[in-house]
Protein chains: 2
Amino acid sequence: MNRTRSAKEPPTELSGVICAALTPLDATLEPDASAAVAHCRRLLRLGCDGINLLGTTGEAASLSVGQRTSLMRAVAQSGLPLECFMVGTGASALADAVELTREAVALGYAGALVIPPFYYKNVSDDGVAAFYRALIERVADDRLRLYFYNFPQLSGVRISAAVIAEVEAAYPAVAAGIKDSSGEPGYADDLAARFALAVFPGSEAFLLDGRARGFAGCISATVNVSAPLAARVWRAADDARAAQGELTAIRAAIARYPMVPALRYLASVIGADAAWLRVLPPQAPLGPDDGRALLADLERCAGYAELAEAFAL
Amino acid sequence: MNRTRSAKEPPTELSGVICAALTPLDATLEPDASAAVAHCRRLLRLGCDGINLLGTTGEAASLSVGQRTSLMRAVAQSGLPLECFMVGTGASALADAVELTREAVALGYAGALVIPPFYYKNVSDDGVAAFYRALIERVADDRLRLYFYNFPQLSGVRISAAVIAEVEAAYPAVAAGIKDSSGEPGYADDLAARFALAVFPGSEAFLLDGRARGFAGCISATVNVSAPLAARVWRAADDARAAQGELTAIRAAIARYPMVPALRYLASVIGADAAWLRVLPPQAPLGPDDGRALLADLERCAGYAELAEAFAL
């Protein structure tokens, strides 16, 4: 326990704004595959990083195994990037969950989002762990990347950290992540701190501080209609974080030298004007060797190119 | 104590990335006013929100009152936006600080950054507070906006919260903010939590989480050469925060209705296709009245225009 993400490679690339996609239906209430493909394509174009096909929002629990399989196949054959897709393959019956999950893996979907069986209530941790272990054993495919789906308000089952720990210890390469739709305070944060798994809250309300809290993004229903805004939050927060890293490195490189003389040296380079080198006593100018060393230090910083261009160096 | 910013109007507009500007010198070591104006103009063009003229980086303590006054006047006459400028007007002698601060106010600078007298060591809180009170009394100008400058490594004086509290209580409209260059852990956070003042750390290393920590930005030396990157961090963090607010409001508006029917209703509007209205039992479609009400709710959200454009509504 208490492992960090660096303890093992992240098992998949699923991250960022993931839309729990609606399932279009034709007039006979059959899933409309071509409309679903078009909807997913548009969501990706509008900025989603991934799609959760056939989740709660996709009304998967109201569709048969055959209907779900047909839709999974249609999307797989559409040319959409399956490495961005996770499919809901949970079911009340283990055999159904196995069949759906096996199909998802065989088709090349990047992940399977599995809600625990949702008929019986007050089931034990041992029973929930046994379900996931049996599912993994029966799918019997190393390519499986399993995402636990915690949504006790609908499933009647809270997936405890003990269950996740047991399954993750037994199948570390298979256990890939968690979607938490419970809204239980601290639940997702606790899991993010304890496990080397991708943790997705079920709401885009946490995107801004998501990385700081150790989340991999979000998987959300409302992103069906808020994708561009959600993508903007995630990207801008990401851009700010990356730029802060570059900025702090630049400052640290300069701060290894006496501050005012070092800045005067750089100003003389930027302005191509040796007058900047003058300092008032008791400051002393930076020597040419130190100046060259400082410039070399800066050139090794990731943010230098942007500054050099802005200052026309 | 324990007042929030909403308890009184922020006394000035100074915020964001503020550069502690270098002072260009001519061959006789006199401040080069025209070069200084050009430098400040470039810093603002490169993304700085403000300039701290004649601070520590500007070597103000190595310049006479006359030299400092001349530079202040030259910048004031240059047409640069003085509402973005704070001037360092602290001095070892009270009379000098009064003269410089009075001049800064008269010229129209938005703020005066005042380091405590820096010759005597181990001075008492009462002595430091008496200095600031005497300064404010003698400047005797309602337009004064005073920024405390905490830099004990150079001044030998740590400005305590008790000193700030005393001065702020006596002159609430004058006390405007604090620059903290001490690097003392928790100092700036504590002041930001306790006072309705603009708190600026002396480093751009804290820009990313600055707003979350209650800071007004930063005032930093290295921004002389990192302004574009610093501006990008502050803007992107800001954009992410604003967009998160809009996004969360959109989600909240939708979440007042049954989720899947509401999303299906919106999808039918977005796609101009009534097929989206179909739901599988046991879900029920959103009625037209609820649909219209939902759309009206969304139209009141700040983020709606962006989404409407992206989805071509």
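Couple of notes before you dig in:
- Condition met for residue B:83 (within 22 Å of the chain's Cα centre (by Cα) and acidic (Asp, Glu)): yes
- Matching residues in segment B:244-270 - criterion: being of a type outside the set (A, V, I, L, M, F, W, C) and either at the interface with another protein chain (Cβ under 7 Å from one of its Cβ atoms) or in contact with a His (Cβ under 8 Å, 6 or more places away or on another chain) (or both): B:244, B:246, B:248, B:251, B:264
- Just one of (1) modelled with pLDDT under 95; (2) crowded, with 19+ Cβ neighbours inside 10 Å; (3) under 24 Å from the mean Cα position of the chain (by Cα) fails for residue B:153. It is (2).
- Every residue from segment B:246-267 that is free of Cβ contacts under 8 Å to residues at least 24 places away in the same chain and crowded, with 19+ Cβ neighbours inside 10 Å: B:248, B:251, B:260, B:263, B:264, B:267
- Candidate set: segment A:222-243, residues that are within 7 Å of chain B (Cβ to nearest Cβ) and of a type in the set (Lys, Arg); chosen: the one farthest from residue B:309 (Cα to Cα): A:241
- Close pairs (8 angstrom Cβ cut-off, 6 or more residues apart or separate chains): within 11 Å of chain B (Cβ to nearest Cβ) and touching a residue at least 60 places away in the same chain (Cβ under 8 Å) in segment A:279-305, of a type in the set (Ser, Thr, Tyr) and surrounded by 12 or more Cβ atoms within 10 Å (Cβ to Cβ) anywhere: A:303/B:226
- Residue check for residue B:243: in contact (Cβ under 8 Å) with a residue 12 or more places away in the chain and within 26 Å of residue A:242 (Cβ to Cβ): yes
- Segment A:197-313 holds helices (runs of 4 or more DSSP H) entirely within its bounds, and those carrying 1 or more residues that are at pLDDT below 90 map to A:223-255, A:259-271, A:304-310.
- Flag if residue B:195 is on the phi < 0 side of the Ramachandran plot and in contact with a strand residue (DSSP E or B) (Cβ under 7 Å, 6 or more places away or on another chain): no
- Output for segment B:279-309, where each listed residue is buried (at least 20 other Cβ atoms within 10 Å of the Cβ) and under 20 Å from residue A:35 (Cβ atoms): B:279, B:286, B:291
- Scanning segment A:123-138 for residues that are in contact (Cβ under 8 Å) with a residue 24 or more places away in the chain, out of contact with any Pro (no Cβ under 7 Å at 6 or more places or on another chain) and not basic (Lys, Arg) returns A:123, A:125, A:129, A:132, A:134, A:135, A:136.
- Boolean, residue A:41 is out of contact with any strand residue (DSSP E or B) (no Cβ under 6 Å at 6 or more places or on another chain) and modelled with pLDDT of 95 or more: yes
The values are calculated or read from the model by the stated rules, or taken from the named source; none is laboratory data. The structure displayed is predicted, hence computed values, not measured ones. FYI the Cβ positions are ideal-geometry reconstructions off the backbone, even for glycines, and counts take in every protein chain you see.
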